[in-house]
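Each value in this text was obtained by applying a stated rule to the coordinates, not by laboratory testing. Keep in mind that what you see is a predicted model, and the values were worked out from it rather than measured. Cβ coordinates were reconstructed from backbone atoms using ideal geometry, including for glycine residues, and neighbour counts include every protein chain displayed.
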Amino acid sequence: MRILYFHQHFSTPKGATGIRSYEMARRLVAQGHQVTMVCGSYGGGNTGLTGPFLSGKREGKVEGIDVIEFDLAYANSDGFLKRAVSFLKFALRSIGVALTARYDLVFATTTPLTAGIPGIFARWLRNKPFVFEVRDLWPELPKAMGVIRNPVVLWGMSLLEWASYRSAHRLIGLSPGIVEGIVSRGVDPSKVAMIPNGCDLDIFDAPAQPWRPDGVDASHLMAVFAGTHGMANKLDAVLDAAACLKARGRDDIRLVLIGQGKLKPALVSRARAEGLDNVIFHDPVNKERLAGLMASADLGLQVLANVRAFYFGTSPNKFFDYIASGLPVLNNYPGWLAEMIVREDCGFAVAPENPEAFADALEQAASNRAELKAKGERGRQLAAREFDRKLLSGQFVQWLEGVKR
């Protein structure tokens, strides 16, 4: 099949963001399909293309994937209006590709929700099979967070969500709550598959040079958060726990925050003002460097705001990176990941908005390194057993091939 694949934030492992689409596209190519990836220029990503943009785009082949990259810059630190304009521009440019390119099936993945627009056009104007992948429930999540309050905007997003779901021949949800949310909009459950984010075992199994940021000694327990510093992550929870540790005199624990985001400057300022020298900030790193950091770390931090929609409606890349590298995970909100951590005994699940409990778990980790290592090993076994990217990408390919059949 010739597959037209839309993902605005596509990246290879050379970037500092998730690589789900890269791995899924590579698996499709390995199975004999032709894949054309249509994307934008994501600030944390690396599409693999290096040539100049001509008429607002550049094209090339990256590891067997045909890539069309539009010159549409985007960063997590951008304001809401700037991001909305970027989303709409990408959707409009993508419609042009969907209406003119030669292909047999169109696949689109969020975020943003506007990624479904070219699929809608392909389905109804060209009668093409359309598969839609939902990574976050929109507008449910931004509404629950209070990011979007305008009733007209929320209504428009809800309409686009409904149209995308009803236009797709098949859908993919990345978590139990996402699948449930799709079905709740009237979609036949037989048309929806859950294929969560996966573990890139090859990357984290490959020899990597262990390293620690400045300010973290070999004797310190190093707990790492690797991801966006935005509203959804509520990383003030980490600083709150750091303040508790300082008050308790625990100078043997370092909390390392790797990444960028709109709220990072405020977090850095707060840590400096409160003398939280046990919190270390570091710029984003690519997957290879991340593997080296994980090899030297002791604990992964899975942190999100205490928003009910997050409990079962997210499938965070960082969690799967942690367990792939054999790190135990400290999770600070309820939901399917917290339940999994408790069931598999591969980390700590603490109550939300409870800095004392957060600090208690960090102290427990620092005081019992042997048990901490055992938790990490159980997480690595879980990664290999249920979330190996090779296994999940095989399911992905079969789901898409089934549409054409």
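Once both axes come from the Cα atoms, what is the angle between helix 264-273 and the longest principal axis of the chain, in degrees from 0 to 90, rounded to 10? For 264-273 against the chain, the angle is about 10 degrees. Of the trypsin sites (Lys or Arg not before Pro) in the range 35-138, the ones in a loop by DSSP (not H, G, I, E or B) with at most 15 other beta carbons within 10 Å are Arg102. The range 128-162 and the range 342-405 have Cα centres lying 28 Å from one another.
Straightening the chain between Lys373 and Lys14 buys 126.3 nm, computed as 0.36 nm per residue apart minus the Cα-Cα spacing. For the chain, a Gaussian network of Cα nodes joined below 10 Å ranks Ala383, Ala30, Ala351 by mean-square fluctuation, and the top entry is Ala30.
Working note: Cα gyration tensor of the range 35-101, eigenvalues times five, square-rooted, sorted largest first, giving semi-axes of 20, 15, 10 Å. Multiplying the residue separation of Val397 and Asp252 by 0.36 nm and removing their Cα-Cα distance gives an extension gain of 47.6 nm. This model, with +1 at the C-beta of Lys and Arg and -1 at the C-beta of Asp and Glu, gives the range 202-386 a dipole about its Cα centre of some 300 debye.
I need the shape label for the range 202-386. Rule: rounded when a/c is under 1.5, else prolate if a/b > b/c, else oblate, with a, b, c from the alpha carbon gyration tensor. It is rounded, given that a/c, with a ≥ b ≥ c, falls under 1.5. Which of Val192, Val85, Val256 moves the most in a Gaussian network model of the chain with Cα springs under 10 Å? Judging by the Gaussian network model, the answer is Val85. Fewest neighbouring Cβ atoms within 10 Å first, the residues Trp211, Trp138, Trp399 line up as Trp211, Trp399, Trp138. FRET efficiency for the pair Arg272 and Ser219, taken as 1/(1 + (r/R0)^6) with r the Cβ-Cβ distance and R0 = 22 Å, rounds to 0.35. Relative to the dominant Cα principal axis of the chain, helix 236-248 is inclined by about 10°.
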